[in-house]
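Report on the following structure.
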Amino acid sequence: MTFSVATWNINSVRLRLPIVESFLQTYQPDVLCLQETKCPNDQFPTKAFHKLGYTNVEIHGQKGYHGVATISKHPLEEVVSRDFCGMGDTRHLDSIVRAPGRSIRVHNFYVPAGGDEPDPAINPKFRHKLDFLDEMRSIPADPGKADSAILVGDLNIAPLETDVWSHKQLLKVVSHTPLETETLEDLRMKGGWSDLMRVFIPPEEKIFTWWSYRARDWDVTDRGRRLDHVWGSPDLESLVEDITVLREARGWEKPSDHVPVIARFAI
């Protein structure tokens, strides 16, 4: 049997519902984790997902900003969300997916972008991002009552040189500064998480999951970054069958600036 989880910063779930529905019909992941849903809970299009067979929907949203949703074919249990940094932002969902053959704890994250200036002394948004990452250290790769653990989402950091179109040109750009990349890698390793995208795709190969809306010729210039991630508890390393970055989704009608990432496991 296989188990698949997809992560996608959708940048407004209601605005882009047609491409989300098309994606689910075509790729049929067991679980879809959305970020930046920009939708209060009572206006989330739950019925649309139910019609597609995704009868288990957990949402943590707010009007116009942030928001995460975990959408599953299988039961979701022990669902909790944490208010990181006490900001009241909806940026996290933790749930156990009861899939046939294996139970998996899934953390769905939307890390703050951090603004434009990579200096916490003068940029409160960047300070918030660093504080958020510091609090993420309390989320280890511990499945608890499940068999395995996965952490996915828009972490808004491209940690490796091959995760950006130009390492040298982006060293002072938020999302690829040494302070961010070293912090993210440190918390990942100390938390016992494996970077499953890089387990399957060698670190020497470039991976991008985001291309700016400002670039009309994004496909030609290819100035992307890997901001979306799939981490897992170490037991999942040997079970990874495939990691797909759906690059073509960036060219769909009314696209998000992020594309879906699908991880498939043998369970």
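Looking across the range 134-160, just one residue is touching a Pro at 6+ places or on another chain (Cβ under 9 Å), within 24 Å of S212 (Cβ to Cβ) and not polar (S, T, N, Q), and that is L160.
Taking first residues from the range 17-43 that are surrounded by 21 or more Cβ atoms within 10 Å (Cβ to Cβ) and partners that are of a type in the set (G, A, S) and part of a helix (DSSP H, G or I), the Cβ contacts under 9 Å between residues at least 6 apart in sequence or on separate chains come to V20/A48; F23/A249. For the condition within 18 Å of the chain's Cα centre (by Cα), modelled with pLDDT of 95 or more and small (G, A, S), G114 qualifies.
Residue check: D94 meets all listed conditions (1) assigned to a loop (DSSP other than H, G, I, E, B); (2) buried (at least 19 other Cβ atoms within 10 Å of the Cβ); (3) acidic (D, E) but one, namely (1). Does M189 count as outside any loop (DSSP other than H, G, I, E, B) and surrounded by fewer than 17 Cβ atoms within 10 Å (Cβ to Cβ)? Against the criterion (outside any loop (DSSP other than H, G, I, E, B) and surrounded by fewer than 17 Cβ atoms within 10 Å (Cβ to Cβ)), M189 qualifies.
Of the numbered criteria (1) surrounded by 22 or more Cβ atoms within 10 Å (Cβ to Cβ); (2) over 25 Å from R247 (Cβ atoms); (3) out of contact with any His (no Cβ under 9 Å at 6 or more places or on another chain), the one V5 fails is (2). Filtering the range 165-186 to residues that are assigned to a loop (DSSP other than H, G, I, E, B) and surrounded by fewer than 13 Cβ atoms within 10 Å (Cβ to Cβ) leaves S166, K172. Residues that are in a loop (DSSP other than H, G, I, E, B) and under 13 Å from the mean Cα position of the chain (by Cα) were ranked within the range 209-238; the one that is surrounded by the most Cβ atoms within 10 Å (Cβ to Cβ) is T209. Considered as a group, the residues in the range 47-62 that are within 20 Å of the chain's Cα centre (by Cα) and not aliphatic (A, V, I, L, M) include one that is surrounded by the fewest Cβ atoms within 10 Å (Cβ to Cβ), and that residue is Q62.
The values are calculated or read from the model by the stated rules, or taken from the named source; none is laboratory data. The model shown is predicted, which means the values in this text are computed figures rather than measured ones. Reconstructed Cβ throughout: ideal geometry from the backbone, glycine too, with neighbour counts over all protein chains shown.
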